[in-house]
Amino acid sequence: MRPDKQTIRQRFTRAAATYDRQAVIQQRVADRLLALLAEFSGPPPRRALEIGCCTGLLTSRLVRQYGNIETLYVNDLVSRFEPRIAAAIPAGRTNLVFLAGDIETLDLPPALDLVISSSTFHWLEDLPALLNRLKDRMAPGSRLAFSLYGRDNLRQVREVTGIGLDYYRLSELRELVGRHFSVLACEEERHTFTFADPLALLHHLRDTGVNSLAPGPWGRKRLHSFDREYRHRYGDQEGVALTYHPLYCLARKEDALPGK
């Protein structure tokens, strides 16, 4: 299923005050994405676009890793994140341009030499279309680096509730990106977290905005049913488990792909 963009905007706006404290997996994923980018060395980016910046977890790390970026375009659905992003960037080090709105419909800046996104692309309605648009706005030799989540992501919640996104398999992602770019790396991880009880798990999802699929507040009966079933399936003496399944992709735009 796909949530509507208005619901995503509302839930992430509501989670702004708690996101950084709860976003443990998002921080780990941002760190791994930047490490992967550094493994395939290239010139520091001059014109970069970050998609789905949220509170700036990746933004601040990106600037620390590369120092001066002449122009950094930063996008998010939530316009209220702009002051947070501005505060995360040292004054005078880069020209920061905040692009508020849906990246699938916004005009994209030209001549980009880096497009990067962490823990965002699984929310898109049409990833293939966005990749095609990005390719046309990227310079030859530029890099695309992103993370999103795979088929096992939040699988316990999906199996109990029937609510979940349509995620890519790693092989599907590699093939999709390879239509437009030379794929340099494509890998996956699985992380399992333990929470004291199902209610604590739901609070964690709410506080990171990841509950954007839920159509509305749950009543007492539904919460009780979820708690009972989740404990039965995934609980033990230490608590209840929740799996995250990040996928990573690093690619380069060539002058012309072989055979194209």
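Relative to the longest principal axis of the Cα atoms of the chain, the long axis of helix 24-39 makes an angle of roughly 30 degrees. Against the empirical curve 2.2 N^0.38 Å, the C-alpha radius of gyration of segment 29-145 lands at a ratio of 0.97.
By how many degrees, between 0 and 90 and to the nearest 10, does the Cα long axis of helix 57-66 differ from the longest principal axis of the chain? Value to nearest ten degrees: 30.
The modelled label-to-label distance between Asp166 and Asp255, using points 7 Å beyond Cα along the C-beta direction, is 3.9 nm.
With the convex hull of the Cα atoms taken as the outline of segment 91-201, the averaged projected area works out to 9.9 nm².
Per-peptide packing, taken as the mean over residues of other Cβ atoms within 10 Å, places 139-149, 8-18 in the sequence 139-149, 8-18 from highest down. Does anyone have the angle between helix 5-14 and the longest principal axis of the chain? Alpha-carbon axes, 0 to 90°, nearest 10? That works out to roughly 70 degrees. Which percent of the accessible heavy-atom area of segment 66-204 goes to carbon and sulfur, probe 1.4 angstrom? Using a 1.4 Å probe with all protein chains present, segment 66-204 comes out at 47 percent carbon and sulfur.
Just so you know, the Cα atoms of segment 1-95 work out to an Rg and Dmax of 14.1, 43 Å. Modelled label positions at Asp126 and Arg64, each set 7 Å beyond Cα in the direction of Cβ, lie 3.8 nm from each other. Between Arg14 and Arg228, full extension at 0.36 nm per residue minus the direct alpha carbon distance yields a gain of 74.3 nm. Taking every protein chain into account, the accessible area of the chain amounts to 46 square angstrom per residue (probe 1.4 Å). Adding -39500 (n - 2.57) for every DSSP H run of four residues or longer, then dividing by how many residues the chain holds, sets the calculated 222 nm ellipticity at -11000 deg cm²/dmol.
The values are calculated or read from the model by the stated rules, or taken from the named source; none is laboratory data. Just so it is clear, the model here is predicted, and its values are computed rather than measured. With ideal geometry, Cβ positions are generated from the backbone for all residues, glycine too; neighbour counts draw on all protein chains shown. Note: accessible area is taken over every heavy atom of the protein model, side chains too, but ligands, DNA and RNA are not part of it. Shrake-Rupley method; radii C 1.70, N 1.55, O 1.52, S 1.80 Å.
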